[in-house]
Amino acid sequence: MDSEEKATTKSNSTFVRPAIFYLSGFSNIPHVKYFYVFLCFVYIMTVLGNGFLLSLIWLVKTLHTPKYMIVFNMALADLCGSTALIPKVLDTFLFDRRYIVYEACLSYMFFVFFFGGVQSWTLVTMAYDRLIAICFPLRYHSIVTKTSITSMLLFIWLVMLSLTTLVVGLVNRLSFCDSVVVKSFFCDHGPIYRLACNDPSLNIIMANVVVSIGVFIPLIFIACTYVCISIALSKIASGEERLKALKTCTSHLILVAILSLPFVGTNIAVWTSYIHPNARIINSTLTHTIPALINPIVYALKTEEVMSAVKKLWKINNISSPVTKW
């Protein structure tokens, strides 16, 4: 083996794992502190809304149904996902702590991806619930049971846990011998594997798998669900009954649109034309944070069942609180 071959072998075997990464998101954006204040408000309202919904479903027994088990799961994923992302974003950029330890960066990536995947597939479970309710109304209570929904939700958590662990774990095979500047507002998978000096082909494949499983396959499932629902509704003679059945789906469709359209739109814009990095980062931030704020309002807090549960809980608290007479 000559000296040139030895040098090549040595270079290929060199593995560099950085101590830290530097998050470069939100650079040179005028008046960006107002955006951080907005994110802080979003987080506070997300915690209050989802926390209230979780407490309500937990305390009121009439909401202990398969449908509200799914809503509970969504609220939990929203709350955990926002907590994994927003406080760290504020700490990083509002207080200018842009350097993040390598291991902490991977943990950050894990939790953001994991809860994002759970949110996406919980929407599929909601679509399944609506499909059975409209297409098989007489068999709804025998098909959509607490056991079946628990199994579905547990399966979602386990699959997303395994998939996210695999994706994040594969980052450890990358060598970072040059830049450690991550061009994102959090430890995003794509911007990190692009910094690698060695071959990131496996990471690119897994990135495509994650986007497919986390975004596109759920959307395909939901689209197929609504095709079946549309066919079932077309067979209903009464227009009033059709409208009543359709109203039960509007909240879910709004959630799907809020969660998926900004993400899909941004990616299409990136692939087909130029979009300013700052515009992409702000849009991506809103895509990750706004759905968790709106979900409890759109899907649950405006429904009759939930409002009845609120009134019931209010009455119970008023009765149980003795009035002190002086």
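The values are calculated or read from the model by the stated rules, or taken from the named source; none is laboratory data. Just so we're clear, the structure is a prediction, and the values are computed from it rather than from any experiment. Reconstructed Cβ throughout: ideal geometry from the backbone, glycine too, with neighbour counts over all protein chains shown. Just the protein is used for accessible areas: all its heavy atoms, side chains included, with ligands, DNA and RNA removed. Shrake-Rupley method; radii C 1.70, N 1.55, O 1.52, S 1.80 Å.
Quick look at the values:
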{"read-out": "Residue in region 30-59 that is farthest from Pro87 (Cα to Cα), counting only those that are open to solvent by 40 Å² or more (accessible area, probe 1.4 Å) and of a type in the set (Phe, Trp, Tyr)", "value": "Trp58"}
{"read-out": "Selected residue (criterion: nearest to Gly169 (Cα to Cα)) from residues of region 100-126 that are among the β-branched types (Val, Ile, Thr) and either assigned to a helix (DSSP H, G or I) or open to solvent by less than 10 Å² (accessible area, probe 1.4 Å) (or both)", "value": "Val112"}
{"read-out": "Test: residue in region 207-214 that is β-branched (Val, Ile, Thr) and outside any helix (DSSP H, G or I)", "value": "no"}
{"read-out": "Residue check, Ile149 β-branched (Val, Ile, Thr), more than 21 Å from Thr289 (Cα to Cα), modelled with pLDDT of 95 or more and surrounded by 16 or more Cβ atoms within 10 Å (Cβ to Cβ)", "value": "yes"}
{"read-out": "Of the criteria (1) out of contact with any helix residue (DSSP H, G or I) (no Cβ under 9 Å at 6 or more places or on another chain); (2) more than 24 Å from Thr125 (Cβ to Cβ), which one Lys247 fails", "value": "(2)"}
{"read-out": "Residue count for region 66-99, restricted to those that are buried (at least 17 other Cβ atoms within 10 Å of the Cβ) and in a loop (DSSP other than H, G, I, E, B)", "value": "1"}
{"read-out": "Selection within region 227-242 - closer than 24 Å to Val298 by Cα and open to solvent by 100 Å² or more (accessible area, probe 1.4 Å)", "value": "Glu240, Glu241"}
{"read-out": "Subset of region 103-156 (residues that are more than 15 Å from Val256 (Cβ to Cβ), of a type in the set (Lys, Arg) and in contact (Cβ under 8 Å) with a residue 12 or more places away in the chain)", "value": "Lys146"}
{"read-out": "Residue identified as open to solvent by 70 Å² or more (accessible area, probe 1.4 Å), modelled with pLDDT of 75 or more and either in a helix (DSSP H, G or I) or out of contact with any Leu (no Cβ under 6 Å at 6 or more places or on another chain) (or both) among Trp314, Trp271", "value": "Trp314"}
{"read-out": "Looking only at region 1-29, and only at residues there that are open to solvent by 100 Å² or more (accessible area, probe 1.4 Å) and closer than 30 Å to Leu94 by Cβ, the one that is modelled with the lowest pLDDT", "value": "Asn28"}
